[in-house]
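Here, each number is a calculation from the coordinates, and none is a lab measurement. Since this is a predicted model, take the numbers as computed values, not measurements. FYI the Cβ positions are ideal-geometry reconstructions off the backbone, even for glycines, and counts take in every protein chain you see.
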Amino acid sequence: MSLALLLCTVVLGQGRVTPAGALTTPRTQHTATLLLDGRVLVAGGRSQAATDTLASTELFDPAKNTWRAGPPMNVARAGHTATALLDGRVLVVGGTAPAADGSSRFESLASAEVFDPKKNEWVTVGALSDARNGHTATRLQDGSVLVVGGARPVHQHLASVERFDPQTNTFSSRRPLSRARWLHDAVLLKDGSVVVLGGRSNQSVGDAGTPMPKPGTAVASVERFDASGGVWHEVPEMSEPRQRTAVVSAGNRVIVFGGQTTTMSTNYVEWWEPGGDGWTQSKSHLSVPIAGHTATVLPSGDVLVAGGEPPSAVDTARVQRWSHEQEKWCLAGQLKTSRKAHTATLLKDGSVLFAGGASAGMTEATAERWAPAKGECVEP
C-alpha cells in the first residue's frame, strides 16, 4: 500500500465524507435549515458575482441524496438568518440586497418571510423595526424567536433586540444589548437563556449613544438573555476577542472553537457555564488557528469541526472530531472540496451535510455528506 493511500485510510478512521450532489446555483452567505420531514432547505445568499443576491431556494432529500429547486423567496437576500419554528415552518429575517438606486451599495433589509413546507410557499410576515444583517435569530423554548444585533449600512452596528411571535407573525422590541455587535454568535442553553458573544462592535464600552460609523473591531464581551424576565446580564469575557468563530451549546455549557481576533486567527477552545467564575480553556486546542469554519454537535455529544480558513491557506478540507469528555481531537475525514463560510446541517440519521461556501476564492456549488466511522483516533 502506498504511503498516500495509507494516510488517506488513517484520516478517514473517525469519519468518511461522500459527495451529496450539487446545488443548482453556487452560493455563500446562504442559510441551511433542517425541516421536520428530514429535508434541508437552502435559501438565498450570493452567487459568483458579489452583486448576485439570490431569492432562489433548494431542497435536499437525504434519502435520495439529491437536490431540487424550491419556491423562490419574495425578497432576494444574503447574510440573513433562517430559523426552524416549532410548527415546521421556517422564519427568514433581514439580510442585505443591492441598493434600489442601482449603485454598488448594499442595503440592510427589515423584511421577513416564512416558508411553509406543507404548502411549499413563502408568505411575507411583519417587518422588523430595525433593518439588519449579520444578526442572530434564536428560537426560544416557548417557540418565539429572539433577533439580536446586526448592522445597518455604513457600519451602523445595532444593540437593538426584537422578538418574533409565531402566533401573530409579528415582531416586538425587547430590551437592547449593553453593547452593539455584528457578526456575533448566539446559543440557547438548557435553562432557556440565550448567550450572545463576540462579533464586531464600533460601540465603546459605556457609550450609550448611537455607534459611530466605523468598521469596529472584534470583541470578547458576552451577554446572557433571561427569557423569563426579558433582561440581559453581563457574562465574564472570553479570553480573547473573536469573530467568524464556531459556537455550540452542550446542555448549559457554551463552547467556542477558534475564530478571528483583532489581528489574527486563534486555535483556542474554551467554555463557560452559568455559575462559573470565567471561561475554562480546554487542555486540547485546535491543531491550527482557524476562522470561517463550522462546528456541529453530533448525537454522541462530540463536536465536528470542518473547513475554514487557516493562516497558511485560503481554506482547508480538514474535518476534525472533538470529544468534550476527553478533551481530545481526532481526524475525521477530508472534504473533497476545501471550503469556508459554508453551512453544516445535522441530518436525522446522524450524518452532516456541508453545502456551498467559498473554495479557492470562488463561490462553491458542491455539497458533501459526513458520516461517522469506527476507527482509531489519529490526532491532528
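So here's what we get for this one:
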| item | result |
| --- | --- |
| For the range 91-228: relative contact order, % (alpha-carbon pairs under 8 angstrom, 6 or more apart) | 17 percent |
| Per-peptide average of other Cβ atoms within 10 Å, ordering 223-231, 128-136, 267-275 highest first | 128-136, 267-275, 223-231 |
| At R0 = 56 Å, FRET efficiency that the Cβ-Cβ distance of LEU36 and THR263 yields, to 0.05 | 0.80 |
| Hz values of 3J(HN,Hα) by residue in the range 333-344 - Karplus curve (6.51, -1.76, 1.60), Gly and Pro given as x | x, 9, 5, 5, 10, 4, 7, 9, 6, 9, 10, 10 |
| Using θ = phi - 60° and Karplus 6.51 cos²θ - 1.76 cosθ + 1.60, couplings along the range 280-296 (whole Hz; Gly, Pro as x) | 9, 7, 5, 6, 9, 8, 4, 5, 9, x, 7, 9, x, 9, 10, 9, 10 |
| Net +/- balance of residues flanking PRO310 in space, Cβ distance below 13 Å, scoring K and R +1, D and E -1 | +2 |
| Computed FRET value (nearest 0.05) for ASP52 with HIS233, which takes r as the C-beta separation and R₀ as 41 Å | 0.50 |
| Euclidean distance of C-alpha centroids, the range 116-160 and the range 251-274, integer Å | 24 Å |
| Contact order relative to length of the chain, as percent, for alpha carbon pairs under 8 angstrom and 6 or more apart | 15 percent |
| Listed residues ALA43, ALA63, ALA317, most fluctuating in the chain (Gaussian network, C-alpha, under 10 Å) | ALA63 |
| In sequence order, calculated HN-Hα J values of the range 54-63 (Karplus, 6.51, -1.76, 1.60; Hz; x Gly/Pro) | 9, 9, 5, 10, 9, 10, 9, 9, x, 5 |
| Distant-in-sequence amide H partners of THR31 (H built 1.01 Å from N, under 5 Å) | ALA43 |
